[in-house]
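Engineer: Quick one: the structure is below, and I'll ask about it shortly.
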Amino acid sequence: MNLLENASKTAEGVMLNGFLLSPVVERCAGCDRVRQFESQEFCSSYPDPTTKWVGGRCNFATHIKAASAAAAKVNPLKASKRAAKGR
């Protein structure tokens, strides 16, 4: 299903439900939310993708995986006891 099928081309650009859509930026390449409309690509979740990337990472980006949390720190004393028991 194309979410931009109700969009229309105006003098200002592409309009969808009262929002003026801006084309996606380079960093959006590969995202599942990018939709094509009249040979241009637009974000199906946010009208101005440029502002979503200002903080460093777009929170809608499906092609970028969040950094996993560092492994839980193991207590060295407990680790040595486990090793001595053979676990």
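Engineer: Compute the long axis of helix 76-85 from its Cα atoms, compare it with the longest principal axis of the Cα atoms of the chain, and write down the angle in degrees, 0 to 90, nearest 10.
Structural biologist: Approximately 60 degrees, to the nearest 10.
Engineer: Work out the count of Lys pairs in the chain where the Cα-Cα distance is under 29 Å, with the pair 8 or more places apart or on different chains. Please list the in-between numbers first.
Structural biologist: On the way: LYS9/LYS52; LYS52/LYS65; LYS65/LYS73; LYS73/LYS81; LYS73/LYS85.
Lysine pairs satisfying the spacing and distance rule in the chain number 5.
Engineer: Given the options CYS58, SER39, LEU4, identify the residue whose Cα lies farthest towards the positive end of the charge dipole of the chain (+1 on Cβ of Lys, Arg; -1 on Cβ of Asp, Glu).
Structural biologist: CYS58
Engineer: At most 12 other Cβ atoms within 10 Å and a DSSP loop assignment: could you name the GluC sites (Glu not before Pro) in region 22-54 that fit?
Structural biologist: Qualifying residues, ordered by number: GLU38.
Engineer: Something else about it: Taking amide hydrogens as modeled 1.01 Å from N in the peptide plane, which residues meet the under 5 Å criterion relative to GLU41, leaving out close sequence neighbours?
Structural biologist: VAL24
Engineer: Here is a follow-up. Mind checking the dipole of the chain: about its Cα centre, +1 per Lys or Arg Cβ, -1 per Asp or Glu Cβ, Debye to the nearest 20? Let's see the in-between values first.
Structural biologist: Numbers: 13 positive and 7 negative charges, 296 e Å.
For the chain, the charge dipole is close to 1420 debye.
Engineer: Among ALA11, ALA29, ALA61, determine the one that fluctuates most according to a GNM of the chain built with springs between C-alpha atoms less than 10 Å apart.
Structural biologist: In this elastic network of the chain, the residue with the biggest mean-square fluctuation among ALA11, ALA29, ALA61 is ALA11.
Engineer: Averaged across orientations, what area in nm² does the convex hull of the alpha carbons in the chain project?
Structural biologist: Taking a quarter of the hull surface, the average projection is 9.5 nm².
Engineer: Another question about this same structure. Taking H placed 1.01 Å from N in the peptide plane, check which residues at least 5 places from ARG33 or on another chain put their amide H under 5 Å from its amide H.
Structural biologist: Those qualifying (amide H under 5 Å, at least 5 residues apart or on another chain) are THR62.
Engineer: When the Karplus curve 6.51 cos²θ - 1.76 cosθ + 1.60 is applied with θ = phi - 60°, which whole-Hz ³J(HN,Hα) does each residue of region 35-47 get, with x for Gly and Pro?
Structural biologist: Couplings: 10, 9, 9, 6, 6, 10, 10, 10, 7, 7, 10, 9, x Hz.
Each reported figure results from applying straightforward, stated rules to the coordinates on display, with no laboratory input. Computed from a predicted model, the values in this text were never measured in an experiment. Quick reminder, even Gly has a Cβ in these numbers, built from the backbone with ideal geometry, and neighbours come from all protein chains shown.
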